[in-house]
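Inspection log for the structure reproduced underneath, given as structure tokens.
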Amino acid sequence: MFRLQGSKVLAVDMTGDAVRAKNGSMVAYDGQMAFKKMSGGGEGIRGMVTRRITGEQMTMMEVKGHGTCWFADRASEINLVGLRGEKLYVESSNLLATEAGLRTGTSFTGLRGASQGNGLFTTTVEGHGQAAIMSDGPAVVLRVSPQYPLSVDPGAYVAHQGNLRQSFQSGVTFRTFMGEGGGEAFQIRFEGDGLVYVQPSERNTIAGDV
């Protein structure tokens, strides 16, 4: 159902079925398509309330019809992730589209500093089907094993899947070490067995100047 045309455009072939995509990401379509904006990232009123509380922003639309629809967003690179019952954790701004059979949700991922008690939340995608995630530049998929934990700059983190434990380490990050950061900086540490998607460019994060 999902296929890439180049690295920055997602083509979805539909025969009466539906797909969920980031609002406003449709760039072209042929055939007959219907578009509907979804509340709370497609999770209804409960999802909308949860996202308002957590600050995790995601506005989705449902596209249904017969034909081919093409999606893209700010010339971002697109990666296809196939899920077979497992859960994918992805930053909401990096989620482009999911097959209709996949469920989206919001997950609490930890605290940024026990003194402040600020919570971090991320979007989850779960079930059987394909998801399309975006990255600023070609994403790199890094394997985490029990022998080799991984530390990631929050601005470069895109998504992760597998049996991973996530923690936050305050202190020196890559940018702070190079004299480009300030304030309370932290890294995301992954332990266990799974995959982490990172991008070769850093976005602004909720921690501000990490």
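Just so it is clear, none of the values below were taken in a lab; they were calculated from the coordinates. Values in this document were obtained by computation on a predicted structure and should not be read as measured data. Backbone-built Cβ (ideal geometry, glycine too); neighbour counts: all protein chains shown.
General remarks:
- Cα→Cβ-extended label distance, 7 Å offset, between Ala28 and Arg103, nm: 3.7 nm
- Potential extension, Thr68-Ser7 segment - 0.36 nm per residue separation minus Cα distance: 20.2 nm
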